[in-house]
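*Asks:* Take a look at the following structure, please.
The values are calculated or read from the model by the stated rules, or taken from the named source; none is laboratory data. All values derive from a computational prediction rather than experimental measurement. Please note: Cβ atoms are built from the backbone with ideal geometry, for glycine as well, and neighbour counts cover all protein chains shown. Calculation scope for accessible area: heavy atoms of the full protein, side chains included, ligands and nucleic acids excluded. Shrake-Rupley method; radii C 1.70, N 1.55, O 1.52, S 1.80 Å.
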Amino acid sequence: MATQRKQKTSPTEQPPMTGWGEKRARYINPHTDFGFKKLFGTEANKYLLQELLPVLLGRADRITSLRYMNPEQLGRSEGDRKAVYDLYCETDNGEKFIVEMQRTYQEFIKDRSVYYSTFPIQEQAKKGVDWDFELNAVYTVGILNFEFRDGNTAVKQYPYLHHVQLSDTETGRVFYDKLTYVYLELPKFTKKEDELDTLMDKWMFVLKNLAVLDDRPKALQDRVFKRLFRIAEIEQLNEVERFAYRESQKVYWDYMNSIRSAEKVAAMKAVEQVTKKMEAVIHEKEVAMEAALQEKDVVIQEKEVALQEKDVVIQEKEALILAAHRETEMLVKEQEEVVVNLHSNGFSAEKIAAITKQNIRRINEIIKKLQR
């Protein structure tokens with residue numbers, strides 16, 4: 001039987017969508033919550049994070065030991081705001097790493113990084129003993145799917161990489177080297193496959209383009225990338241992981257589309273309120289998905305021993321899918337509210353369509369529904 005040659009997709013092109021709204025991709029998207037934690041946040045794949053961190057930090061020494069810590073940090077009192085990291089880990093010598101994948105622009109990302117870094121510092125305080133205030137190093141790594149908007153461009157070998165430490169403003173020398181912030185601006189990386197010279201180039205290429213690649217580029221022959229691409233294959237995911245990834249993709253796409261729409265009408269309070277509501281829905285959805293994933297893992301293990309529980313697993317899965325559909329319907333309803341708010345503020349259907357990037361026919365349907 002003749003085999004059909006797969007058409008290669010350029011990193012600048014977006015693969016077509018399936019009926020589920022899922023990209024026909026070979027590899028998972030590391031910009032999704034599931035994708036990022038699958039690659040870098042599990043014990044089985046801890047090796048990938050151990051290889052990535054020294055490259056981002058510009059360190060020659062390898063990280064030979066790493067353990068994951070609780071990513072949820074509580075304040076000192078019940079009323080204090082907590083912090084929830086994507087990844088939080090520690091080495092045997094006490095170095096602490098916060099690693100965040102930031103998918104959309106945040107105006108106060110630097111303030112957020114500083115705030116997050118205070119928790120690993122405070123938790124080092126020793127109570128009930130004579131403590132001399134010696135601290136272990138804390139590193140906060142932000143992988144940004146956007147660019148800083150303050151003109152702070154790094155003019156050096158890697159214009160997309162920022163290493164920030166406390167320094168003496170007179171001499172420029174580092175004053176304190178145990179508190180480090182590392183930022184990667186993914187959109188600023190523009191190298192192609194045949195231009196990948198350094199390990200930093202290769203990691204940046206993977207972090208930015210993995211989801212739209214059809215195969216591992218020839219330039220990525222290092223052992224770590226062979227392992228990463230093998231782990232990232234969607235076909236290698238089990239049923240539970242594939243379901244969780246699909247839901248994570250929906251959350252990611254809904255969030256990205258909503259943020260793009262909100263940016264165009266950022267001055268309008270209605271859109272700001274929708275964004276806040278969506279963030280709350282997304283957080284609740286991710287928490288529910290993680291809980292469901294853990295529950296599904298237990299059910300699948302028991303399935304091999306007790307086949308009679310198969311009906312229970314199917315019913316639970318259908319309930320999860322129904323809940324996901326209901327959540328999607330809620331998001332659509334909130335988007336309709338944005339159209340209604342714009343229409344009530346005097347915007348024409350054509351203007352609303354231009355702002356929200358929605359079909360004019362759909363806009364008219366919503367307006368007609370309102371007029372009834």
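*Asks:* Mind listing the phi-derived Karplus ³J(HN,Hα) values for the range 95-103, rounded to whole Hz, using 6.51, -1.76 and 1.60 with θ = phi - 60°, and x for any glycine or proline?
*Replies:* 5, 10, 10, 9, 10, 10, 9, 9, 7
*Asks:* Between GLU170 and GLU302, with labels modelled 7 Å along Cα→Cβ, what's the label distance in nm to one decimal, could you check?
*Replies:* 6.9 nm
*Asks:* Moving to a separate point now. Probe radius 1.4 Å, ligands and nucleic acids left out: which of MET289, MET200 has the largest accessible area, and how do the rest follow?
*Replies:* Numbers: MET289 40, MET200 10 Å².
Heavy-atom accessible area, descending, gives MET289, MET200.
*Asks:* Which FRET efficiency value, to the nearest 0.05, do you get for LYS218 and TYR105 by plugging their Cβ-Cβ distance into 1/(1 + (r/R0)^6) with R0 = 22 Å?
*Replies:* Numbers: r = 34 Å, r/R0 = 1.54.
With a Förster radius of 22 Å, E is 0.05.
*Asks:* Tell me the chymotrypsin sites (Phe, Trp or Tyr not before Pro) within the range 97-178 that lie in a loop according to DSSP and have at most 13 other beta-carbon atoms within 10 Å. Walk me through the numbers on the way to the answer.
*Replies:* Details: sites: PHE97, TYR105, PHE108, TYR115, TYR116, TRP131, PHE133, TYR139, PHE146, PHE148, TYR160, PHE175, TYR176; in loops: TYR105, PHE108, TRP131, PHE133, PHE146, PHE148, TYR160.
Counting only loop positions with at most 13 other Cβ atoms within 10 Å, the chymotrypsin sites (Phe, Trp or Tyr not before Pro) in the range 97-178 are PHE108, TRP131, PHE133.
*Asks:* Report ARG59's accessible area, 1.4 Å probe, all protein chains in place, as a number in Å² to the nearest 10.
*Replies:* Taking all protein chains as shown, ARG59 has close to 60 Å².
*Asks:* Accessible area of HIS325, 1.4 Å probe, to the nearest 10 Å²?
*Replies:* My reading of the accessible area for HIS325 is about 80 Å².
*Asks:* Oh, and also: Pairs LYS191/LYS357; LYS276/LYS368; LYS38/LYS192; LYS192/LYS333: which exceed 32 Å Cα-Cα? Intermediate results must be reported in sequence, preceding the final value.
*Replies:* Working: LYS191/LYS357 30 Å; LYS276/LYS368 27 Å; LYS38/LYS192 25 Å; LYS192/LYS333 41 Å.
Listed pairs above 32 Å: LYS192/LYS333.
*Asks:* Show PHE36, PHE243 ordered by accessible area, largest first, where the area counts protein heavy atoms only and the probe is 1.4 Å.
*Replies:* Descending accessible area places them as PHE243, PHE36.
*Asks:* Turning to a different aspect of this structure: Just to check I understand the Karplus step: with θ = phi - 60° and J = 6.51 cos²θ - 1.76 cosθ + 1.60, what whole-Hz values come out for the range 166-178, glycine and proline as x?
*Replies:* Taking θ as phi minus 60°, the curve returns 5, 9, 7, 5, 7, 9, x, 7, 5, 8, 9, 9, 9 Hz for the range 166-178.
*Asks:* Another question about this same structure. For the range 179-246, which whole percent of the accessible surface, found with a 1.4 angstrom probe, sits on carbon and sulfur atoms?
*Replies:* Details: 1310 of 2980 Å².
It is 44 percent, rounded to a whole number.
*Asks:* With a probe of 1.4 Å, find how much accessible area the range 28-67 has per residue, and write the answer as a whole number in Å².
*Replies:* Details: 1370 Å² over 40 residues.
Solvent-accessible surface per residue comes out at 34 Å².
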